[in-house]
Amino acid sequence: MLQLCSFWRTVPNRLLSSALYLTGDKAREQYAVLVPYLDFRHKLGDWDRLRRNVRLRKHPLDCENLKRQWELYLDIEKRKRQIEQCRVELKQQIQKATDEAEKKQLKARAILARDDLKLIKEQSYAIEDAFIANNFLTIPNDLHERTPEEKRSIVHERTTPDQDRGSTEALQKGANALEEQLEMDDAICFYMTGDAALMDLQLPMRCCETFQKDEFILFSNPDFVRSFLVEAAMVDKDCLYQIQEDGEPTDKVNQLHLCGGGTLLSFLGYFTKLSVFPTALPLRLVARGKRYLPNRVQANTVHVFGASRTYDEAEAMFDEMLLTYRRFYDQLPVSFRIIQVPAPELGPAEAMRVEVELFDMQSQRYVTVANLCFYSDFLSKRIAFIYQDGKVQRFPHIVAGEAMCSVELIKVLLGNGILVSDLPFLGFDDD
């Protein structure tokens, strides 16, 4: 039996450990699902670039503390290598020794070296945990060159020529439709009736069909993910429902979370530790499912996921996906725009993000209903998603995003006085 918990803090005796990276001492008690690729050379090879990235994002990472921990980690790793080399040399000397007294002395030194290595490994776990799990793995993705530093910029904008929808009659019609067809039960629950229910059924299906026409493969994802995937995507665990599993220890670090099958997290579970041939790339997938967030209404969403061999190919895929977004939203008789999100508003795993905003005449503002994100190979390295390039293992570059959220979309459409009869592509007639 599963018990739903809205926040991690509601679960007693929470163990503050990483599920994505387990040190050797913790791996004896907790199952390590994977070992993420730790790209020290790229992440820590240019401290000025890292500081700029953290500064532009307004990310809380302390670069100077990270640098001190990195130097301490390197020092202890150097000491371990020296002791291991000493053990190898002692073993060779023991094999060559002919004098029994000398051999006995060498064996005693080998035993001391073994004990020293064991001791330093035990001491290194705390240093490794502090540096890798709590600092290195919190370094955000590199910013894409198209990401603005501070202000949002408009990538594309379309204004509907139908000005009648802004009339008093149309706005009143929209307000009545919202009140009648979205029946609020509480802050996070409501019932849909009439046109709202029909839109909630058909809009995700038609959105998926739009992507399928561009050769996207329809996918089905699970609603649940483990903590290591939440950490891999650098998602705040407090933004997900936690599941308390009967019979599982309360200090288990790799907990179960409810996210919904229409999310990035649900895609990552499939690609974790997956190795594909380069001929399988590029991948273009689309999934229709739920999205669950604490203190927010669950929603039907459509999520897209793409993987390419190179950075440039992924960038081209990003632009191609954006054109598919535009083809879907061009079918709606409402003004919309596509916004380039600046660095401070990005998630830590995102290198670039654009958002689709629809103009809501009820509130006289733009409302975000979709997004598309560029991740490069950041996520692939964290979930060990690889492809074989000859004898070399490489990491695909990922593009993903929420193509639509039915709740926000339906609110805007009804609020603007748009009913099912105004959306012929949904397949309903005027009756």
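The values are calculated or read from the model by the stated rules, or taken from the named source; none is laboratory data. All values reported here derive from a predicted model rather than from experimental measurement. All Cβ positions, glycine included, derive from the backbone under ideal geometry; neighbour counts span all protein chains shown. Just the protein is used for accessible areas: all its heavy atoms, side chains included, with ligands, DNA and RNA removed. Shrake-Rupley method; radii C 1.70, N 1.55, O 1.52, S 1.80 Å.
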- Length released on extending from GLU157 to ASN295, taking residue separation times 0.36 nm less the Cα-Cα span: 46.5 nm
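At 30 angstrom or more along the helix axis (alpha-carbon based) and mean Kyte-Doolittle of 1.6 or higher, what helices does the chain contain? Whole DSSP H runs only.
On the way: long enough: 63-96 (49 Å, -1.39); 100-128 (41 Å, -0.72).
Passing helices, by number: none.
Using a 1.4 Å probe on the protein chains only, how many percent of the accessible area of the range 303-431 belongs to carbon and sulfur? Before the final figure, lay out the partial values.
Details: 1870 of 4170 Å².
Looking at the range 303-431 in its full context, I get 45 percent from C and S.
What does the charge dipole of the chain about its Cα centre add up to, to the nearest 20 debye, if the Cβ of each Lys and Arg holds +1 and the Cβ of each Asp and Glu holds -1?
Working: 56 positive and 65 negative charges, 524 e Å.
Value, rounded to 20: 2520 debye.
Using the Cβ atoms and a cut-off under 14 Å, what net charge is assigned to the surroundings of MET321, where Lys and Arg are +1 and Asp and Glu are -1? Please report the intermediate quantities before stating the final value.
On the way: positive: LYS213, ARG284, ARG326, ARG327, ARG353; negative: ASP214, GLU215, GLU313, GLU315, ASP319, GLU320, GLU355, GLU402.
Value of the local net charge: -3.
Heavy-atom accessible area per residue, the chain, 1.4 Å probe: how many Å²?
Working: 21560 Å² over 431 residues.
Per-residue accessible area for the chain comes out at 50 Å².
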- Query: Which value in deg cm²/dmol, rounded to the nearest 500, describes the helix-derived mean residue ellipticity at 222 nm for the chain, given -39,500 (n - 2.57) per DSSP H run of n ≥ 4 and division by the residue count?
  - Reply: -12500 deg cm²/dmol
- What percent of all Cα-Cα pairs in the range 210-347 falls in each 10 Å bin, counting up from 0? 10, 32, 38, 16, 4, 0
- Which value, in debye to the nearest 20, gives the size of the charge dipole of the range 253-368 about its Cα centre, when Lys and Arg are +1 and Asp and Glu are -1 at the Cβ? 480 debye
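Which order do peptides 318-324, 101-107 fall in by mean Cβ count within 10 Å, highest first?
Values: 318-324: 17.4, 101-107: 13.7.
With the highest mean Cβ count within 10 Å placed first, the list reads 318-324, 101-107.
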- Please state the equivalent ellipsoid semi-axes for the chain: what are the square roots of 5 times the Cα gyration tensor eigenvalues, largest first, in whole Å? 52, 23, 19
- Message: Given contacts defined as C-alpha pairs under 8 Å and at least six residues apart, what's the relative contact order of the range 258-344, whole-number percent?
- Response: 25 percent
- Note on the structure: Note: THR138 to LYS121 extended length (0.36 nm per residue) minus current alpha-carbon separation gives 3.8 nm
